[in-house]
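The values are calculated or read from the model by the stated rules, or taken from the named source; none is laboratory data. Quantities reported herein were computed from a predicted structural model and do not represent experimental measurements. Methodologically, a virtual Cβ is constructed for each residue, glycine included, from the backbone with ideal geometry; neighbour enumeration extends over all protein chains shown. With ligands, DNA and RNA removed, areas are computed over all heavy atoms of the protein, side chains included. Shrake-Rupley method; radii C 1.70, N 1.55, O 1.52, S 1.80 Å.
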Amino acid sequence: MKIAVDAMGGDFAPEEIVKGALQAQREYNYHVVLVGDKEKISQFSGSEEIEVVHTSQIIHMDESPVSAVRKKKDASIVVATKLVKDQKVDAVVSAGSTGAQMTAALFGLGRISGIKRPAISTVLPTDRGVKVLLDSGANTDCKPENLVQFAYMGSIYAESILGMKNPTIALLNIGAEENKGNELTVKTYQLLKECSQLNFIGNIEPRDIPKGLADVIVCDGFVGNTVLKLAEGMSGFLMENIKAQLMSSFRSKIGAAMVAPSLKEIKKIFDYSEYGGAPLLGVDGISVICHGSSNAKAIKNAVRAAAVCSENAFVAKIKNIVQGVDA
């Protein structure tokens, strides 16, 4: 198993990226290929043996993704994606510009035949274990048929990668009733009702996501990204306020010592680094997108997620289901 890691992408690159890649190589025995500035990478890789593909360019967060990918042929994310295209590695992982990674995947790997839009799938913690939200940021404007394809891809991801049997699919909406929502959700609901291969259970409201009432939650990228960022912000807000209250007095500090183990477990549930990255579904290859502020732990787990996708022939499974739907 060979996984390419964009060593130059992310808020804490290359240090945390290199550390995470080394951890993945040691713990899982994967062959990790670091792509980026060899001199900078060597500052953090030490004497450990790890393959490095040198590149001279970086795509920054403030650059236009399309323009940058076209002009910077030697950018780390472009070269790393090409390694997947050329079948020199099994997958690519990056915490850099999401737009650049998507563009590199679309230009370098191409879409799976029949898939009109790729989607970012994000794992969310709930009362009933992890669930899948997509699209969480790839497409701000969608058509009903796009959301139907997201549902199929999300179902395959939940079943083959997360081990869910016959995963339930729900459409994210402002109400549970069939006729609720805007034109997009109303039309999508009708299409999903007709999909006999999907275990569609109807609409789900955002407040019900944490209850784990559906295994796969489908929406457009604008809504999905908004939900994701609100969840991240709210979890951080709650944890900080709980910590402040527990440290507010001598008595509360004593109580804090008693509940500390439980609080650590709660914090772990909301820690995105536990889940690694989010695979870009619908492209003809495995490209895992990580949070921009990913630390070494997040990168290690993202490498693991990419490897699991490859081991389970995830792309091939999407191709098979798309051909079945088209037929």
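Details
- Taken as entire DSSP H runs, the helices of the chain that both span 30 Å or more between Cα atoms along their own long axis and average -0.5 or more on the Kyte-Doolittle scale are 221-246.
- Candidates per GluC sites (Glu not before Pro) in segment 2-50, loop by DSSP, up to 14 other Cβ within 10 Å: Glu48, Glu49
- Residue-span extension gain [Lys193 to Leu238] - 0.36 nm each, minus C-alpha spacing: 12.4 nm
- Surface exposure of the chain, expressed per residue as accessible area with a 1.4 Å probe, stands at 48 Å².
- Between Gly233, Gly276, Gly181, the GNM of the chain built on Cα springs shorter than 10 angstrom shows Gly233 fluctuating the most.
- Cα gyration tensor, segment 85-178 - rounded (a/c under 1.5), prolate or oblate: prolate
- Accessible area (Å², 1.4 Å probe, nearest 10) - Val66: 60
- Length gained when the stretch Glu27-Lys40 is fully extended (0.36 nm per residue, less Cα-Cα span): 2.3 nm
- Asp284 contributes an accessible area of around 60 Å² to the protein surface, as traced by a 1.4 Å probe with all chains present.
- In the chain, helices alone account for a calculated mean residue ellipticity at 222 nm of -15000 deg cm²/dmol, with every DSSP H run of four or more residues adding -39,500 (n - 2.57).
- Carbon/sulfur fraction of accessible area - the chain, other protein chains in place, 1.4 Å, %: 52
- Cut-off under 5 Å, modelled amide H: who pairs with Lys131 long-range: Leu124, Thr126
- Amide H contacts for Gly10 (H built 1.01 Å from N in the peptide plane; partners 5 or more residues away or on another chain; cut-off under 5 Å): Gly96, Ser97.
- The alpha-carbon atoms of segment 1-142 define a convex hull whose volume equals 143 cubic angstrom per residue.
- P(r), alpha carbons of the chain - 10 Å bins starting at zero, rounded %: 6, 26, 31, 23, 11, 3, 0
- Distance violations [Cα-Cα > 25 Å] among Lys193/Lys317; Lys82/Lys229; Lys131/Lys193; Lys73/Lys131; Lys85/Lys319: Lys82/Lys229; Lys73/Lys131
- The residue among Leu191, Phe107, Leu22 whose Cα reaches farthest toward the positive pole of the charge dipole of the chain, with charges on the beta-carbon of Lys, Arg, Asp and Glu, is Leu22.
- Using a probe of 1.4 Å, the accessible surface attributed to Phe222 totals some 130 Å² when neighbouring protein chains are kept in position.
- Between segment 53-86 and segment 202-263, the alpha-carbon center distance in angstrom: 35
- Contour minus Cα-Cα distance for Asn179 and Ala260 (0.36 nm per residue): 24.5 nm
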